[in-house]
Amino acid sequence: MGFIMSFYSIMIIYITGKDRPVVHSCNDTYNIHPVLRQKIIQSDYYKNDLAGITTFQEVVDEVYSKVTYACPHIPNTMHVSSAFCLLHKLFTLPVTYRQLEELINHPDSPFLRVTGLLYVRYVIDFKDQWSYFAPHVDDKQEFDPGANGQKRTIGKFIRGLIEDLNYFDTMLPRIPVTIQRTMIENLMKIEFRASAIEEKKKLLKKGIKVTAVYYDDQQEYEAELMDEGKNDSFWVHFTGYGNEQLTKIEDIRVAEKARSRSRERGSRSRSRSRGRSPKKESKEIDFSKEVLKRQREAAASQGGDYARRPTSYKSSLSLPQTTSTTRLKSRSPVRAPPANSALSSSSSSRRSRSRSRDRD
């Protein structure tokens with residue numbers, strides 16, 4: 001009896017963990033455009049070559065050996081690509097959450113990772129997609145998704161999946177506006193952090209005096225910067241205590257002297273004798289407003305500034321009024337001179353000559 005109970009408890013843990021099947025949040029066509037899906041299921045490659053594939057590992061092996069681009073169609077043709085045939089095949093198989101994570105993190109081929117990311121974009125619930133995208137938005141691995149020589153990183157590929165509705169010559173499922181804005185806001189925060197880290201690294205030189213957080217008590221102490229570690233961290237030596245620690249770059253503050261030396265080029269330091277408090281180095285950015293601003297600019301650049309505030313009546317009176325039209329005027333026909341025009345001109349010249357003679 002005890003063995004049976006332990007067996008069932010193990011099975012419950014197994015099923016409720018990462019080894020349970022992925023729950024799809026999509027329609028019957030897996031959110032693929034109906035025309036594209038029809039091409040997939042009617043293609044010879046899908047009907048014949050993939051008919052015998054019934055496991056996740058077989059799909060992984062086929063993607064590794066066959067897929068060399070990630071667009072829906074074979075380049076310069078309207079024939080469906082092997083990448084999307086295999087993606088559709090993966091939709092029809094029982095895939096666990098653990099297998100999906102392994103696919104996204106697969107080290108053997110970027111196209112295996114892209115297949116996993118596209119799987120997430122098409123069938124995973126929109127509110128859960130960011131948890132799969134977030135660990136890879138800074139990924140620098142390059143690949144050529146369209147087989148056209150235009151390489152991009154995994155991070156930029158994820159950004160396109162979030163921000164763009166068009167994916168080559170097909171349409172991705174539309175992300176709800178609030179969820180999409182939250183995702184873009186998170187992307188901007190990561191970008192801002194990355195740029196801030198790069199700026200900070202320019203100031204961090206071996207041997208300079210810094211203030212660092214000691215992780216045992218979460219207090220700041222004076223320290224000396226040593227060697228750079230991994231994952232944006234540095235070794236610091238706490239001068240007052242003799243301890244050394246690998247510290248994240250966010251937990252290191254550069255001493256003001258080192259900052260002032262770095263600003264000596266092309267900038268004049270202001271005197272603090274007037275009692276002014278030093279200005280903060282960076283303001284807090286309202287990322288939600290920045291997202292709305294970018295979306296307005298993107299809409300305006302495409303010719304549809306739908307988020308722009310409507311012009312009031314008084315403001316419209318000061319705008320230049322255009323009365324011209326784009327309709328081309330028809331060219332006026334060339335009129336032929338009258339038949340007696342030559343005779344009248346000759347007779348008038350004779351009259352003028354005779355008058356001049358009479359005067360003489």
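Descriptive notes on the structure:
- Applying 0.36 nm per residue to the separation of Asp44 and Lys206 and subtracting their alpha-carbon distance, the gain on full extension is 52.1 nm.
- Two-site label geometry, Ser131 and Lys189: point separation in nm, points 7 Å out along Cα→Cβ: 1.6 nm
- Point-to-point label distance, Thr239-Asn105, nm (Cα→Cβ direction, 7 Å offset): 4.1 nm
- Accessible area of the stretch 111-181 divided out per residue, in Å², using a probe of 1.4 angstrom: 45 Å²
- Accessible surface ranking for His106, His79, 1.4 angstrom probe, highest first: His79, His106.
- By a 1.4 Å probe calculation restricted to protein chains, Glu198 has an accessible surface near 100 Å², given to the nearest 10.
- Residues listed by number, the stretch 237-256, amide nitrogen under 14 Å from Ile197 label point at 7 Å toward C-beta: 247-252
- To the nearest 10, the accessible area of Thr55 is 60 Å² with a 1.4 Å probe.
- Overall, the accessible surface of the stretch 86-196 at a probe of 1.4 angstrom is composed of carbon and sulfur to the extent of 50 percent.
- Ranked order, Lys156, Lys205 - accessible area, probe 1.4 Å, largest first: Lys156, Lys205
- When the surface is traced with a 1.4 Å probe over the full set of protein chains, Ile184 keeps roughly 20 Å² accessible.
The values are calculated or read from the model by the stated rules, or taken from the named source; none is laboratory data. This is a predicted model, so every value here is computed, not measured. All Cβ positions, even for glycine, are placed from backbone atoms using ideal geometry, and neighbour counts span all protein chains on display. Ligands, DNA and RNA are stripped out before the accessible areas are found, and what is left, the full protein with its side chains, is counted by its heavy atoms. Shrake-Rupley method; radii C 1.70, N 1.55, O 1.52, S 1.80 Å.
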